[in-house]
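Read the figures in this text as sums done on the coordinates, not as results from a lab. Since the model is a prediction, treat every value here as computed from it, not as a measurement. Here Cβ is always computed from backbone atoms with ideal geometry, including for glycine, and neighbour counts include all displayed protein chains.
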Amino acid sequence: MSAITAKVTKDLVVNDCIKLYPKTIGVFTQFKIDSCCGGAVSIEAAAARDGAPLDELMRALNEAASK
């Protein structure tokens, strides 16, 4: 059986990302992304809104999601 690699995309909604990959909650916290009240938008929109560097955020989310 082959390993499944998690692939978080910038279009994924923050709340959906957390539901699919619970280990990503710490990444959102680290990057100061509002995943509570502001979690109903795409990761890209949340990063822009909260001033997080999208490339770094995506790298960290995919790393966390693959654990």
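Things to note:
- Among residues other than Val14 with Cβ under 12 Å from its Cβ, the summed charge is -2 (Lys and Arg +1, Asp and Glu -1).
- For the chain, the Kirkwood estimate of the hydrodynamic radius, built from every pair of different alpha carbons, is 11.6 Å.
- When only Cα pairs below 8 angstrom with a gap of at least 6 residues are kept, the chain shows a relative contact order of 44 percent.
- On Cα atoms only, tilt of 54-65 relative to the major axis of the chain in degrees: 40
- Gain in span if fully extended, Lys10 to Thr29, counting 0.36 nm per residue against the direct Cα distance: 5.2 nm
- Per-residue 3J(HN,Hα) values for the stretch 34-48, derived from phi via the Karplus relation 6.51 cos²θ - 1.76 cosθ + 1.60 with θ = phi - 60°, read 6, 9, 9, 6, x, x, 8, 10, 5, 4, 4, 5, 5, 5, 5 Hz in sequence order (x marks Gly and Pro).
- Using Cβ point charges alone (K and R +1, D and E -1), the dipole size of the chain about the Cα centre works out to roughly 200 debye.
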